[in-house]
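Have a look at the structure below before the remarks.
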Ligand code: ADP
Ligand code: MG
């Protein structure tokens, strides 16, 4: 699914250059559920943004589902993202003046699917995340956990092969965080690859493999207890 070798990335601002990824080698198989762990500033989001084709890289190789991701035009990158990837963020990124159903349906709007049809499909995804009763509510009327479930339904609606989540539990209390991780596990059980960035140990332990990032390198990686349950 994800094959990365010798990947480097620096940020250049003015005359300063910050070398963030210093030779990353990483393979993630289809169907895995992994976390990328590391302290703040260790390059987790940078790596996830490269994987999600939201940002480029300077050196190395990146292969996504057999396709070399290199020098894509913005249009090509958008096409691959739409075909392959669902995104979930710490801050939910819902549209405040659209209700839950409309937020979930949004990717289908961009695919020019007629309203009646996209609302029907969105209702099915709302039901999958247990929020059909909240369809007409605005984000401001929902709890953090409910907002993240809406965002997850929105990520699922375009049938991604992989979900990339950047600190998805960062704004949630512990109990709600674990519920979101349980939902991710169900999604993973349905065959979707999950890549979750977190700096919280207890969250990473709810994935099947932990990849530790430190100072621009993968410091160590190992399978968790959760992976053993599936052996
Ligand atoms: P993490 O997600 O692990 O907290 P990031 O990948 O966001 O870390 O950031 C890694 C380093 O790169 C940090 O020092 C951060 O300040 C810097 N950085 C991140 N994004 C940019 C950017 N767009 N321009 C310049 N520096 C950046
Ligand atoms: Mg980050």
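Residues in the stretch 12-24 that are near ligand 1 (Cβ under 8 Å from one of its atoms) and touching a helix residue (DSSP H, G or I) at 6+ places or on another chain (Cβ under 8 Å): 20 only.
Here the strands (runs of 3 or more DSSP E) wholly within the stretch 119-231 that include at least 3 residues being surrounded by 16 or more Cβ atoms within 10 Å (Cβ to Cβ) are 162-166, 193-198, 209-214. Within the stretch 25-48, work out how many residues are within 12 Å of ligand 1 (Cβ to nearest atom) and within 13 Å of residue 7 (Cα to Cα). Of the residues in that region, 4 qualify.
Listed by position, the strands (runs of 3 or more DSSP E) contained in the stretch 1-94 that have at least 2 residues being within 15 Å of ligand 2 (Cβ to nearest atom) and under 23 Å from residue 216 (Cβ atoms) are 2-13, 16-28, 33-37.
Since every read-out is calculated from the coordinates, none of them should be taken as a lab result. Keep in mind that what you see is a predicted model, and the values were worked out from it rather than measured. Positions of Cβ are generated from backbone atoms using ideal geometry, with glycine treated the same way; all protein chains shown enter the neighbour counts.
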